[in-house]
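The values are calculated or read from the model by the stated rules, or taken from the named source; none is laboratory data. Note that this is a predicted model, so its numbers are computed, not measured. Virtual Cβ from ideal backbone geometry, glycine too; neighbours counted across all protein chains shown. The protein model used for the area step is the full one, side chains on, heavy atoms only, and it has no ligands, DNA or RNA in it. Shrake-Rupley method; radii C 1.70, N 1.55, O 1.52, S 1.80 Å.
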Amino acid sequence: MDRKLPPAFEINPSVAQALDLGLPVVALESTVITHGLPYPENINLAEDMEYQVRDHGATPATIGVIEGRVRIGLTVSEMELLAGAGQGLWKISPRDFAPAIARMVSGGTTVAGTLFAAHLAGIRVFATGGIGGVHYELNPRRKGAFDISADLPALARTPLIVVCAGAKAILDLNATLEYLETWGVPVVGYQTDDFPAFYCRRSGLKTSARADTPDEVVFLARTHWELGLHSAVLVVVPPPEDVALSSEEVKKAVQAALKLAQAEKVSGKEVTPFLLKKVSELTEGDSLRANLGLLLNNAAVAAQIARALVRIERQAQA
């Protein structure tokens, strides 16, 4: 495969070989390692997600930044470095790549950052937990002003299949879906017509389409791109029933966490980790268990979709 990557980008040889051979590859983000979980839970999860991808027949490519080098396919030692480095790590979205490279810092890539790097490398399937979206306004003086995650415009312009459990439950889900609709991003319920709410299997909001098998996801995505559309196809997978929480439990915890964030004047990129931590505390760890369960499930589903994508494209070329 002919790739023209920026000088600071490096593809792990095993990932490069899989791409060159036309084998299924699944991109994974790394902010869950750097900002999502404490050590050693973060490294354990990162390794477990890669195991899920391999176990379902695809090559994992966890993406992160190590001393100014964008690594597409982190090694175990590089993941351990990010997992144990502490507070000096950056949270890297597309706007942060150039400063991170110039200053030779390390950090985890967000959904938007991972989308950018994965697309440059030629990876077409990406698994994450929950996407960012439209935040509830924490400052009552800023009427009409919205904190919108960089994930949403990245999804609108990057043609990957993105597997997630919906948007994070701390967000305004209705406004997030409206943004995705405005920018033409298909929201495909995987074996469901209901948009999952991250920790919960249902939000009461409807998806724009449904697919019940990996093949159906692939046919829908290929048709979307063949029409000349260039957005991601967002595949939303309900969390497994054995870890999913009730809507009422999550709603109470999120409302309490939002009040705490408002009282402490939390803003910017600190909002999401603050709220997720508070929700975990308020649910006595139940939300964390749900998060871990859905991440592993999404990795498995993404690998199945990546395999179907390779098989169907080979059949189309035969």
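If you plug each phi of region 295-307 into the Karplus form 6.51 cos²θ - 1.76 cosθ + 1.60 with θ = phi - 60°, what whole-Hz ³J(HN,Hα) values come out, in order, with x for Gly and Pro?
4, 5, 5, 5, 4, 5, 5, 4, 5, 5, 5, 4, 5
Counting only residues 5 or more places away or on other chains, whose amide H sits under 5 Å from the amide H of Ala209 once H atoms are built in the peptide plane?
Val187, Gly189
Taking 30 Å as R0, compute the FRET efficiency from the Cβ-Cβ separation of Asp20 and Glu181 and round it to 0.05.
Working: r = 37 Å, r/R0 = 1.24.
Working from the Cβ atoms, E equals 0.20.
Just how far, in whole angstrom, is region 172-214 from region 219-268 if you go by their alpha carbon centroids?
When both Cα centres are located, 9 Å separates them.
In nm, to one decimal, how far is the Met104 label point from the Glu270 one, both placed 7 Å along Cα→Cβ?
2.9
For the chain, which whole-number percentage of the solvent-accessible area (1.4 Å probe, protein heavy atoms only) is attributable to carbon and sulfur atoms?
Numbers: 7370 of 14350 Å².
Exposed carbon and sulfur together represent 51 percent of the surface.
Karplus couplings for region 4-20 from phi (6.51 cos²θ - 1.76 cosθ + 1.60, θ = phi - 60°), rounded to Hz, Gly and Pro as x?
Ordered by residue, 3J(HN,Hα) equals 10, 9, x, x, 7, 9, 9, 9, 4, x, 5, 6, 4, 5, 4, 5, 5 Hz.
Under 14 Å from the 7 Å Cα→Cβ point of Asp48, by amide nitrogen: which residues of region 109-136?
129
Over the chain, calculate the relative contact order: mean separation of alpha carbon pairs under 8 Å at least 6 apart, over the residue count, as a percent. Don't skip to the end; give the middle numbers.
Values: 648 pairs, mean separation 60.7, N = 318.
Answer for the chain is 19 percent.
Report the full-extension gain for the segment Ala8 to Ser208: residue separation times 0.36 nm, less the Cα-Cα distance, to one decimal in nm. Display every interim value, and only then the final one.
Numbers: separation 200, 0.36 × 200 = 72.00 nm, distance 3.80 nm.
Net length gain for the segment: 68.2 nm.
So for the pair Arg222, Asp55, with labels modelled 7 Å out along Cα→Cβ, what separation do we get in nm?
Label-label distance for Arg222 and Asp55, simple model: 2.9 nm.
So how far, in whole Å, is the C-alpha centre of region 13-63 from the one of region 269-318?
For region 13-63 versus region 269-318, the Cα centre distance is 11 Å.
Please list 3J(HN,Hα) in residue order for region 68-76, calculated via the Karplus relation 6.51 cos²θ - 1.76 cosθ + 1.60 where θ = phi - 60°; whole Hz, with x for glycine and proline.
Rounded to whole hertz, the list is x, 10, 7, 9, 9, x, 5, 7, 4.
State, as an integer percentage, the relative contact order of region 86-129 based on alpha-carbon contacts under 8 Å between residues 6 or more apart. Please list the in-between numbers first.
Values: 33 pairs, mean separation 16.0, N = 44.
This gives 36 percent for region 86-129.
Relative to 2.2 N^0.38 Å, what does the C-alpha radius of gyration of the chain come to as a ratio? Two decimals please. Write out the running numbers ahead of the final one.
Numbers: Rg = 18.4 Å, N = 318, 2.2 N^0.38 = 19.6 Å.
It is 0.93.
Taking Lys168 as the anchor, which aspartates and glutamates have their alpha carbon closer than 13 Å to its alpha carbon, excluding any fewer than eight residues away along the same chain?
Asp151
Which entries in the list Lys206/Lys265; Lys91/Lys265; Lys206/Lys252; Lys4/Lys206 go over 28 Å, if you measure between the two C-alpha atoms of each?
Numbers: Lys206/Lys265 33 Å; Lys91/Lys265 20 Å; Lys206/Lys252 22 Å; Lys4/Lys206 39 Å.
Exceeds cut-off: Lys206/Lys265; Lys4/Lys206.
Defining a contact as two alpha carbons under 8 Å apart and six or more residues distant in sequence, what relative contact order in percent does region 1-113 show?
Working: 192 pairs, mean separation 35.6, N = 113.
Value for region 1-113: 31 percent.
Estimate the FRET efficiency between Glu313 and Asp193 by the formula 1/(1 + (r/R0)^6), using the beta-carbon distance for r and 25 Å for R0, to the nearest 0.05.
On the way: r = 28 Å, r/R0 = 1.11.
FRET efficiency, Glu313 to Asp193: 0.35.
Write down the accessible area per residue of region 165-272 in Å², having rolled a 1.4 Å probe over the full set of protein chains.
Working: 5230 Å² over 108 residues.
Value returned for region 165-272: 48 Å² of accessible area per residue.
Evaluate the distance, in nm, between pseudo-label points positioned 7 Å from the Cα of Arg157 and of Arg95 along their respective Cα→Cβ axes.
Computed distance between label sites Arg157 and Arg95 equals 1.3 nm.
For region 91-217, what class follows from the C-alpha gyration tensor (a ≥ b ≥ c being the square roots of its eigenvalues): rounded when a/c is under 1.5, otherwise prolate if a/b is larger than b/c, else oblate?
Values: a/c = 2.09, a/b = 1.17, b/c = 1.79.
Verdict is oblate for region 91-217.
Taking a virtual spin label 7 Å from the Cα of Lys251 along the C-beta vector, which residues in region 197-234 bring their backbone nitrogen under 13 Å of it?
202-205
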